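The values are calculated or read from the model by the stated rules, or taken from the named source; none is laboratory data. Given the structure is predicted, the values throughout are model-derived calculations rather than measurements. Here the Cβ positions follow ideal geometry from the backbone for every residue, glycine too, while neighbour counts run over all protein chains shown.
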Amino acid sequence: MSQPPSSPATYLDANATEPLRPQARAAMLAAMDVTGNPSSVHAAGRAARRIMEDARDVIAARFGCATADIVFTSGGTESDALAIHALGHGRRLLIGATEHDAVRMARPDAEVIPVDGHGRVDLAALARALQGGPALVCLMLANNETGTIQPVAEAAALCHRAGALLHVDAVQAAGRIPTDLRGLGADSLAVSSHKLGGPAGAGAWLLAPATGGPALIMGGGQERGRRGGTPPVAAIAGFAAAADVPARDLSGLRLAVEQVVTGAGGVVVGGADRLPNTVCAVLPGVAAQTQLITLDMAGVSVSAGAACSSGKVARSHVLQAMGLGAWAGQGVRISLPWNATEADLARFAAAYTAMAGRLARAPAAA
Ligand code: PLP
């Protein structure tokens, strides 16, 4: 059997996927020894169900909802799709301009609410759009490319005053900043296991009490009829174990990354209110793809915000929506994983500074 390629020395692409936390690995290994379908009534089924219900308790406590209002899914994309299908039924769909494709692509008739230069949604524009009839609003808690945190609680108040519902894509926020359905006043929330150090293939759609709508996947009536299909018990166990680990404060390391970027002639975009692990760095005049490849060759993995599934780098719709013009094709995302070290920082600093020294031209106007 051929060996898998070894991991790069410095992994700074946590917003794509976090390294697996050891607690998640241990929980999955234990759960994989349990044979049983959680829908089965016999002892084996009950053992599998116990694992799921323990996980449900953890997720409920961590994200501020009732256990009965958790729907386990395959991840963030599915959670967003279920929410838009159920809560958006018979409603207009209003989405922030910097939403992830999981939301942007869910319905072709979505109306887009603009953002400011930091990527924060324009609440006055949202209030105006809400006057047009019953709506579902989708807003992310934190942006995947810039880390910008949205004024979700304010948006929730506006929505409810207008009789609208609010679905929050908390995929990048969960596990990094406080993420609480009740505290935010949202009607539903999407979270994803692999973005917080659990395995890919699990996630959750969390609902406020008495919230719902038609199911997208009927199947065998699992998850109280809201998402059919046999659940991946081991992945859910790993998801909950990862979610239960307190967030590490990465803001000191983030600041150090920002100092490296600005010291080398780069520009940090996205405003002050951002995820503690995320830096979106524009190197004026240098294509994002060139930066990615240069850093990769130096053993540092970062991403351009807009890497397509094809692996190509497109202009970032997020940076475009922020009005950054040509810079929308010149930004890379440095996202610190939970296990980032000072040695990672040193390697990044050397690679970025050398790259900027070789490639950067005088900053052009954005
Ligand atoms: N929402 C946001 C903000 C994301 O960043 C992502 C993934 O990058 C998703 C949704 C999709 O999540 P998943 O990969 O679990 O389907």
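General observations
- Single match in 183, 175 (criterion: modelled with pLDDT of 95 or more, away from the ligand (no atom under 16 Å from the Cβ) and not β-branched (Val, Ile, Thr)): 183
- Looking only at residues in region 115-130 that are away from the ligand (no atom under 16 Å from the Cβ) and assigned to a loop (DSSP other than H, G, I, E, B), the one that is nearest to residue 161 (Cα to Cα) is 122.
- If you filter region 189-211 down to residues that are over 14 Å from the mean Cα position of the chain (by Cα) and in a strand (DSSP E or B), you find that the one that is nearest to residue 72 (Cα to Cα) is 206.
- Here residue 133 clears all of (1) within 16 Å of the ligand (Cβ to nearest atom); (2) in contact with a strand residue (DSSP E or B) (Cβ under 8 Å, 6 or more places away or on another chain); (3) of a type outside the set (A, V, I, L, M, F, W, C) except the condition numbered (1).
- For region 54-110, a residue qualifies if it is within 23 Å of residue 197 (Cα to Cα), within 16 Å of the ligand (Cβ to nearest atom) and among the hydroxyl-bearing types (Ser, Thr, Tyr), and the qualifying residues are 73, 74, 77, 79.
- Tabulated pairs, region 51-80, first at positive phi, second assigned to a loop (DSSP other than H, G, I, E, B), C-beta under 7 angstrom, 6+ apart or interchain: 64/180; 75/200; 75/201; 75/202
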